[in-house]
Amino acid sequence: LIKVCDDSSLPLCPVAVHPHTSLHSVLVMICQAMASALVWCLAARVPGIASMKVDRYTSTDAPPSFKAMTWNVLADGLHDDGFVAQPDGDFFSYKPKLWDDCVSLPPNETTSCMEEGHEGALAKVADFISDQEKFAKLVIIPLKKKIEQAFAEANVPKGCRDEKGVLRVYGVAMSQCIRADFEDNVINNVFSLAPSKKAVEKLKTVAGAEKCRDEVREGEDPWPAIERVSTDDTIMQFLMASAHKLAMKWDLNGAREKTNALLAWESTAREEQQEGFLPPSGKRGELIRKRILKEKPDILALQELDHYRFFQDQLSEHNYATTLPGKEVKYTLAIGCAEKNWKKTTDAEKESCRNERRFARASKFGSMTQTFNAEQKPCPGQTQCHDNDGVALFWNTRRFEAKEIQLLRYSEQLTQKSDDGVVGVLLKDLQQPKFCIWVFTAHLAAGDTKKDELERKKQVERFGPWARSLRNNTEKENNFDCEKVGLLLMMDGNSFPKFANDGFKEGNMYDALQFTNGVSNFEPEEADAEDGPKPDKRNDLPSALTVSVNKIRGVDTVQLQKIGEYQLDRIDYIAAAGGLMTPRVANGSLPRYSRDPQKRKEALNGILPSPENPSDHFPVVATVEWCDGEGCEVEEQSKKVCEAVNAKIDAKKQKPEDQCENTPVFEEEGTGKFVHIRFGKVFVLSNQMKETKQTSSAMKFSTGAEGVMFAPSRGHKNGCRW
């Protein structure tokens, strides 16, 4: 059979079997393949057999498991933003005397202070990061206070105070001084240099903003005062003296050059769409491609992708598609509406761009990625050569066939701001074509505040019902002969599943995701710690956890407020519903770190990006199985739950779809708590109506008295629909 399958003309060969595939599924697959191969081999020898219609898929068993992978690959246009990267080898500390011991000394004593101690020593990246964090504490926090005081002394109205914009001006100035090795000519004229002037010019827009104008008296101009605050020599001297002391210990320019070399793409999106393009050897695009091909996912989702054509071409050579079969078209910057400034695009053009459905990609029109890339690596002439970032899906055509592509924008109306969304693809499983999957990918808003989580929740509430309806309608109407339809969501959710930071107490983003989609996200093999030390402001995070991000920004960023901003978190998702089991991530595929201050060096020495992982996210790779066999049989207990729901529906003479999922059900015995069904079993909910791993022992259930309704405001679905 293997010899026969080496012939590429035979389309009926089995796909590689994954480790977690059940023995029964493997045997069924082998029998089907052998039967198909036998017919194929006999076709040339037995008259008439070639014209016979052979149905290979006579079994109603679910197809074998498949491999899913999601990865935020870090947009090329965003990589040069001060990330501390893990270098090849060790860091070299020039002056081991800790620079912060000298911070409080007068400038004329700085040099002698820093020269105390040994002449130099090897150091780990964790030591380098530790000093970046001290810089944030000892320099940036006082700097913010100095700026706030300067605003007050200049009588600048609060609506005109753009602290981040002012910090960016000083960040650009500091970056130029560091890169010039603190030459006197640069330090003395730093605000006259082109990059500083450009940063100040950007800040000028705040003076004309409506929020500022509302607080300014008629005829007054707040800009001169704002400009003085953003270019204050005294503030700049404080910042430069501190940065110089740090640079006397560490080779800041050398660290930046190593990071840039690690993350350099060395080709533009325009170059990549040219005929005969060859990827630069050993650069980031090739490293990411190699990692993907090493994992061999059947379904792949990428976020922050601003080199879409690169992967369309490079992955197509290995049987991956990102367009519908028979409708293959090569992506270009023109098709992706990236050649023209989004703000200068007409409404008609924007509508056309938003309605593009030929590619399994949702571009983020008007993205900062494209803006930053153009500033850092200017394009020749007046032609745009950089793309916007976005999210995209790819699939192995030997396992899946795409039938439909759909896209939803987060904003319902046209906007002048960056405009992104969610893309979904309906895939038919070639191992068993009666089984299909709606696959989606997204990239939610960033940030760890309550406001940020509410924005993510809003995004989920926008696309969640849409994704669920696509899945439900496909199965209900048997579209494309799909009798069983799963739902798979792979995304950078930018939020821990149990997010409760910044006083956030209501249903979080993941709660909203479960409510709208019924999905279950992967769980790490080793459970997160239940308690332990909480060393930072993120008290909602476990003291030890499996992570998908491990990153920090250092002094090379122009966003000074982000220096020392460390993120050790699990914010990437592979979540399933609609008959798909909870995805399983192999033990050890994602690192597990402690947040204990005594143990954090291990995590810091594993910081991202790194030569092995040239992104600020780890890829998440999971095995996904269909719910099939004994493990998925609906228990009698589950039927009792749904009987209670149906009784209420019948009593109120409502349509099942109106109240089936949203009706809360609780135990009449046992714990008396609310319950829900997951994969045929009944689980008890917490007092906050959240999932637990505790199964219910009750056999009697109730929907409560008339008028008592806890959902959907609590974001709960009982699971009866599935």
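Remarks
- With the simple model of a label 7 Å out from the Cα in the direction of the Cβ, N260 to S411 spans 3.3 nm.
- For region 382-428, the carbon plus sulfur part of the accessible surface works out to 37%, probe radius 1.4 Å.
- Overall form of region 483-575: prolate. Here a/c, set by the Cα gyration tensor axes a ≥ b ≥ c, is 1.5 or more, and a/b is the larger of a/b and b/c.
- Total formal charge among the other residues, if their Cβ is under 9 angstrom from that of L487, Lys/Arg +1 and Asp/Glu -1: +2
- Candidate aspartates and glutamates - alpha carbon under 16 Å from K197, same-chain residues fewer than 8 apart omitted: E227, D232, D233, E375
- Percent of alpha-carbon pairs separated by more than 11 Å within region 550-592: 75 percent
- Estimated FRET transfer efficiency (Q598, F182; beta-carbon r; R0 60 Å; 0.05): 0.95
- Positive minus negative residues near Y593 (Lys, Arg vs Asp, Glu; Cβ under 9 Å): +3
- Directionally averaged shadow of region 502-651, computed from the convex hull of its alpha-carbon atoms, nm²: 13.1 nm²
- Equivalent-ellipsoid semi-axes of region 205-363, from the Cα gyration tensor, Å, largest first: 42, 29, 12
- Residue list for region 326-369, given a label point 7 angstrom along the Cα-to-Cβ vector of K198 and an amide N cut-off under 18 Å: 341-342, 367-369
- Mean Cα-pair separation over length for region 259-392, i.e. relative contact order, pairs under 8 Å, 6 or more apart, %: 32 percent
- Of K146/K198; K458/K484; K377/K562; K283/K457, those spanning more than 25 Å from alpha-carbon to alpha-carbon: K458/K484; K283/K457
- Maximal additional length on extending the K700-E349 stretch stands at 120.5 nm, based on 0.36 nm per residue less the C-alpha distance.
- Residue-normalised accessible area of region 129-284, expressed per residue, 1.4 Å probe, Å²: 52 Å²
- Kirkwood-based shape ratio for region 408-471, expressed as Rg/Rh from alpha carbons: 1.09
- Proportion of all alpha-carbon pairs of region 219-302 beyond 20 Å (%): 66 percent
- Global geometry of region 340-462, whether rounded, prolate or oblate, following the gyration tensor of its Cα atoms and the 1.5 cut on a/c: prolate
- Region 277-398: C-alpha gyration tensor shape, a/c 1.5 cut-off, then a/b vs b/c: oblate
- Anchor K290: lysines whose Cα lies under 20 Å away (excluding residues fewer than 8 positions away in-chain): K67
- Each Lys or Arg adds one and each Asp or Glu subtracts one; over the other residues with Cβ under 11 Å from the Cβ of F394, this totals 0.
- Segment W466-Q688, extension gain: residue separation times 0.36 nm, minus the distance between their alpha carbons: 77.3 nm
- Aspartates and glutamates whose Cα lies under 12 Å from that of K158, excluding same-chain neighbours fewer than 8 positions away: E148, D214, E215
- Å² of accessible area per residue within region 550-628, as computed with a 1.4 Å probe and no ligands counted: 31 Å²
- Accessible surface of region 214-277, 1.4 Å probe, proportion on carbon and sulfur as whole %: 43 percent
The values are calculated or read from the model by the stated rules, or taken from the named source; none is laboratory data. Because the structure is a prediction, the values reported are computed rather than measured. Reconstructed Cβ throughout: ideal geometry from the backbone, glycine too, with neighbour counts over all protein chains shown. For the accessible areas, the whole protein counts, side chains as well, though only heavy atoms, and no ligand, DNA or RNA atoms are used. Shrake-Rupley method; radii C 1.70, N 1.55, O 1.52, S 1.80 Å.
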